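Structure record follows, encoded as structure tokens.
Coordinate-derived values only; no laboratory data. On a predicted model such as this, the values are computed, not experimentally measured, just so you know. Using ideal geometry, Cβ is built from the backbone for each residue, glycine included, and neighbour counts are taken over all protein chains shown.
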Amino acid sequence: MPLGAVWGMFSDSVVMLVLGFSLIGCLIYIHHSNSKALISQISLIKEEISEKTADTSFDFNELKEDMLDMVHETIGNMQPPNAFDHLLGALAGPIQAWAMRKAGMNPATGQMLDQILPEEIHQDL
């Protein structure tokens, strides 16, 4: 084998190794910088929590009013179902049963069809 051919295979291997180690180095650097950012965020959150828990006065009436406001807002945004909602609700069951059969499951029990005896499969379908 000529020396040029050997060096060509060697240079390809060296290039792949250099690229591989460069990629690993980049991943380690990104992981390290993300870890530092995460640690700083955790420390900020811990400080905020400790500041809030240091103040022992807690107003339950304010919490109650906020909860009631959320409930009233949610109930106020509710709408009665229309005909399209009822149509989709009626179609959901057969579509789900078809998808379960397609996946090899018994729609009535959720059990895999290959776990059921063959005579039971023919009765169920």
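Going Cα to Cα from LYS64, which lysines come in below 20 Å? Please leave out same-chain ones fewer than 8 positions away.
Correct list for LYS64: LYS52.
What are the residues whose amide H is under 5 Å from the amide H of MET105, where those residues sit 5 or more places off or on another chain and H is modelled from the backbone?
Residues meeting the amide H criterion: LEU113.
Subtracting the Cα-Cα distance from 0.36 nm times the residue separation, let me have the gained length for SER40 to TRP98 in nm, one decimal.
15.9 nm
Ranking MET105, MET67 by Cβ neighbours within 10 Å, fewest first, what do you get?
Ascending number of Cβ neighbours within 10 Å: MET67, MET105.
For a Förster distance of 30 Å, can you work out the FRET efficiency between the beta-carbons of ILE49 and LEU88, rounded to the nearest 0.05?
0.10
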